[in-house]
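Structure first, then comments.
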Amino acid sequence: MKKRTLLLTAMLFGVAISWSQKINYQKSFEEARKLSIQQNKPLAVLVTMQPPANVINYLAVLNNPEVVAKFNTSFINYKVASEDTAGSNIVRQYQVYRFPSFVFLDSKGGVLEKNGIIMPFVPDVLTMADGVITASSEKSLTDFDKEYAAGMYSTYFLKAYITKRKKAGIANNADLIEKYVDSLTIAGLGNYQQVLFILQAGPLADSRAYKLAYTNKSIIDSIYKTEPYAERTAINNGIIVNTMASAIVSKNFGRAISAANFTRGTWTSDYGEGQKNYALKLLQYYTGIKDTVNYLREATVFYDQYYMNISTDSIKKREEQKMETAKRNAREKAEAVTPNGGVIKTFSFAYAPNVSATELNNAAWAFYKSGTQDGTYLTKALLWSKRSIELNAIAGYYDTLAHLLYRLGFYAEAKATQQKAIDLSKAEKRNVKEMEEELAKIEQKTL
């Protein structure tokens, strides 16, 4: 069982609608791909994840008659659970991070769009579908890939290629933007849209493209003052994610520091939070390169400092404040796209609840999975696990605690805690088969 807890986004709205018509899904990805080629239709791959019983069903909108008709007429459809082997392959290949999500492919296999279903409203889904249908008649991403591999590096081509990839939901265009800036003049870097395009491509924080974009400080300042909040956030996230991913692949600690420094710099109004995220990025780097020694040492300091030196009430208040911030940002985003004089009747916002509990549980589980037998580290993880349960007593967290108790030799406590995890899991309407197998191993002392 993968004990690392995923953050399921909680959406603040309600939907209570039922329809009888269904989208026709093919039995396998291979079969769906063949039909997509034969019928020259785009392929809609729906990747799902089983949510907790108390989480809204995001997929209800797909049973709407208009949506059903649109997808059955215009797409070849395939649905898969992210937990399945086929689903995990798709998640890995197309880098799906949110669930449920659509991955749209054209008949040549090129990615058209990746879209998480976070708005259960029929018009939004139909608009998304129409956009994909239009994109499917355009030049395929696979054709762009072939031309680039053949040595096509012109400024016009690279701009079109990057634009196509961004539209398809591919955020890492760091290598392409490096080639793109090779053909630019200093005068060209004085253009607002040109600098914005470079930043939107997600350049590495220590790259030539990034440094060239920042040669005109007034344009950078203007971008961060005038672009919508969502766009500014996307730019920052692209730079951070791409830089850290490259640092991990190349085991480049200096680049990891660049990613961490850039991350800290995005918290201009909260130095403490910036410092916390700086440290968190370095933990991500150590995890990524499997540097267990540095990870265990630095993580011990990090989680004690930010999660154990304050009370559970303080943590809960901190999360309430973050929720209000998410709500405020969502309202600002809604206001930004509302016509002058218009009235915002409703808006939604995403916030992952109980983040601190999740992070503590994940850290405790990471210590267990590291294989360490060091009693000091295991005891730290045990305390984090208990704190996660104080914040949010769910089955997965008890399961983590049971494993740590077992590793520390507290077999009776481990058995009782694992049974508690099973009981809660049943109450959460989850499959308990794997937890029961773990309980048997605890009883037999073979875990």
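The values are calculated or read from the model by the stated rules, or taken from the named source; none is laboratory data. None of the values given here were measured: they were computed from a predicted structure. Glycine gets a Cβ as well: all are built from the backbone with ideal geometry, and neighbour counts include every protein chain shown.
In region 432-447, what residues are under 14 Å from residue 396 (Cα atoms), in a helix (DSSP H, G or I) and among the aliphatic types (A, V, I, L, M)? 435, 439, listed by residue number.
Under 8 Å between Cβ atoms, which residue pairs at least 6 apart in sequence (or on different chains) link something in region 199-228 that is over 26 Å from residue 247 (Cβ atoms) with a partner that is among the aromatic types (Phe, Trp, Tyr)? So the pair list comes out as 219/192; 222/192. Taken as a whole, the condition of being in contact (Cβ under 8 Å) with a residue 12 or more places away in the chain, part of a helix (DSSP H, G or I) and surrounded by fewer than 17 Cβ atoms within 10 Å (Cβ to Cβ) does not apply to residue 73. If the requirement is being touching an Asp or Glu at 6+ places or on another chain (Cβ under 8 Å), at pLDDT below 85 and exposed (fewer than 15 other Cβ atoms within 10 Å of the Cβ), which of these qualifies: 338, 325, 346, 312? One residue alone meets the criteria, 312.
Among residues of region 89-111 being surrounded by fewer than 17 Cβ atoms within 10 Å (Cβ to Cβ) and in a helix (DSSP H, G or I), the one that is nearest to the chain's Cα centre (by Cα) is 92.
Taking (1) at pLDDT below 95; (2) in contact with a Gly (Cβ under 8 Å, 6 or more places away or on another chain) in turn, residue 189 satisfies each apart from (2). Once region 403-431 is narrowed to residues that are in a helix (DSSP H, G or I) and among the acidic types (Asp, Glu), the residue that is farthest from the chain's Cα centre (by Cα) is 413.
Of all the criteria given as (1) polar (S, T, N, Q); (2) modelled with pLDDT under 95; (3) exposed (fewer than 14 other Cβ atoms within 10 Å of the Cβ), the one not satisfied by residue 216 is (3).
For region 432-445, the criterion of a residue being on the phi > 0 side of the Ramachandran plot and either over 24 Å from the mean Cα position of the chain (by Cα) or buried (at least 19 other Cβ atoms within 10 Å of the Cβ) (or both) is satisfied by at least one position.
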